[in-house]
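Heads up, the thing below is written out as structure tokens.
The values are calculated or read from the model by the stated rules, or taken from the named source; none is laboratory data. Owing to the predicted nature of the structure, the values given are computational and were not obtained by experimental measurement. Positions of Cβ are generated from backbone atoms using ideal geometry, with glycine treated the same way; all protein chains shown enter the neighbour counts.
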Amino acid sequence: MTGPRSARSLIPRRVSGGPGLGLRLLLAQSMVLVAGGATSWVVAGLVGPPLFREHLNRAEVPASSDEQFHAELAYHSATAISLAVAIGAAVLAALVVTWYFSRRLQRSVTEVSSAATAVADGCYGIRVSPPHLGEDFNALAEAFNRMAVRLESVESTRRQLLGDLAHEIRTPVSVLEAYMEALEDGIETLDADTIAMLRTQTHRLARFSEDVGSLSRAEETGASIEPAWVAPGVLISTALTAAADRYAAKEVALAAHVPADLPRLWADPERLGQVLGNLLDNALRHTPLGGRVDVTAEQRLGVLAISVTDLGDGISAGHLPYLFERFYRVDAARDREHGGAGIGLSIAKALVEAQGGHITASSDGPGTGSTFTITFPLRRHLR
């Protein structure tokens, strides 16, 4: 059985025994020089003597005389020596210059080839140095380094994602396995409490699977964004209405502060509503019973800003830079207890950036609440 071709096998390999790039350049330059020297010699031999004789005749040198013979002999000797010295010097200079640049070019090509082989073998941290052989070669080296950086980032993200997935799935699966073994051994009975616990864990797995799918779709949703002119007030009102029951159940007040004269947004109303829903869910999760969450919208220097502010747990400064990373939790134990998988903010970030917006988080520290703000550039509304 043959397996799939490895990435390394896709890289063209140099045929052993063939001339290298440097030798090919030297041979090509030598052929040009030989052709140029032969042409010069032929031209000098065919064109030079008749012109020289014509000048001798104008100088009234008798034809077939000793003077003409010695003059032509001197001309041929001088021409041969001059051409030989000139062609020899040109060949030597050209070969030295060609050898120097071919060595530099060959070193650069060899470095890129070795680096490409290393990348194909999974060594994404390798970089190539600028060859300083012109803009084209420098651009090639820069493009290769950018590719290596991107591949290194993708590989790091892949490993982290697989580790996070395994970590997230491990807990509910372990609980389910423990309860199943206890039921088989007769330690536990299939009563209402056991059924509720099993159902909680299965719901957690299902919710986690749905969140991961949502994140994947959000990060690849650039092509599915369908922007339209959206009234911020209507958008925020719809999001608050959808979250009202959940907030009422936890006795958390939810209020909106939206001026009536705000300009319309050029955005996808469904995706932006999903972002607001995630932010409202996150605020509710971290706001204690009887707390308050406010949603505000305002126009600032060419952008429209929508903020979701809670007076709940707050966030320390050390956590703020990582809030939008996949599976990141400020308090892992508390978030797992409340069903958070650490994906909602990543989904919000992907959806906002896919529409040309920006999302930030701020907090004065634990116990002071937090504010999440999304900003979108304002565009002229053409009627």
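Structural remarks
- Residue among Asp310, Asp335 that is at pLDDT below 80, of a type in the set (Asp, Glu) and either closer than 26 Å to Met197 by Cα or in contact with a strand residue (DSSP E or B) (Cβ under 6 Å, 6 or more places away or on another chain) (or both): Asp335
- Selection of the stretch 270-314 for residues being among the hydrophobic types (A, V, I, L, M, F, W, C) and more than 18 Å from Ala242 (Cβ to Cβ) yields Leu289, Leu301, Val303, Leu304, Ala305, Leu311.
- Residue check, Arg150 at pLDDT below 80 and within 33 Å of the chain's Cα centre (by Cα): no
- Residue in the stretch 291-311 that is of a type in the set (Ser, Thr, Tyr), surrounded by 15 or more Cβ atoms within 10 Å (Cβ to Cβ) and more than 23 Å from Gln355 (Cβ to Cβ) present: no
- When Leu284, Leu262, Leu279 are checked against the criterion of being at pLDDT 90 or above, closer than 21 Å to Arg204 by Cβ, in the same structural domain as Ser370 (by TED's automatic domain parsing) and in contact with a helix residue (DSSP H, G or I) (Cβ under 8 Å, 6 or more places away or on another chain), a single residue qualifies: Leu284.
- Checking Ser108, Ser102 one by one, the residue that is touching a Pro at 6+ places or on another chain (Cβ under 6 Å) and surrounded by 13 or more Cβ atoms within 10 Å (Cβ to Cβ) is Ser108 and no other.
- Members of the stretch 306-326 that are closer than 16 Å to Ala283 by Cα and not in a loop (DSSP other than H, G, I, E, B): Ile306, Ser307, Val308, Thr309, Asp310, Leu320
- The stretch 226-249, residues that are buried (at least 16 other Cβ atoms within 10 Å of the Cβ) and not in a helix (DSSP H, G or I): Val230
- Applying the condition of being in a strand (DSSP E or B) and either surrounded by fewer than 17 Cβ atoms within 10 Å (Cβ to Cβ) or not small (Gly, Ala, Ser) (or both) to the stretch 257-284 and asking which residue is nearest to the chain's Cα centre (by Cα) yields Trp266.
- When the stretch 71-96 is filtered for residues that are within 21 Å of Ala28 (Cα to Cα) and surrounded by 14 or more Cβ atoms within 10 Å (Cβ to Cβ), the ones remaining, listed by number, are Ile87, Ala90, Val91, Ala94, Leu95.
- Condition check for Ala255: over 15 Å from Ile374 (Cβ atoms), of a type in the set (A, V, I, L, M, F, W, C) and out of contact with any strand residue (DSSP E or B) (no Cβ under 9 Å at 6 or more places or on another chain): no
- Qualifying residue in the stretch 97-115 (condition: assigned to a helix (DSSP H, G or I), farther than 24 Å from Ala28 by Cβ and within 38 Å of the chain's Cα centre (by Cα)): yes
- Residue within the stretch 114-127 that is in contact with a Pro (Cβ under 9 Å, 6 or more places away or on another chain) and of a type outside the set (Gly, Ala, Ser) present: no
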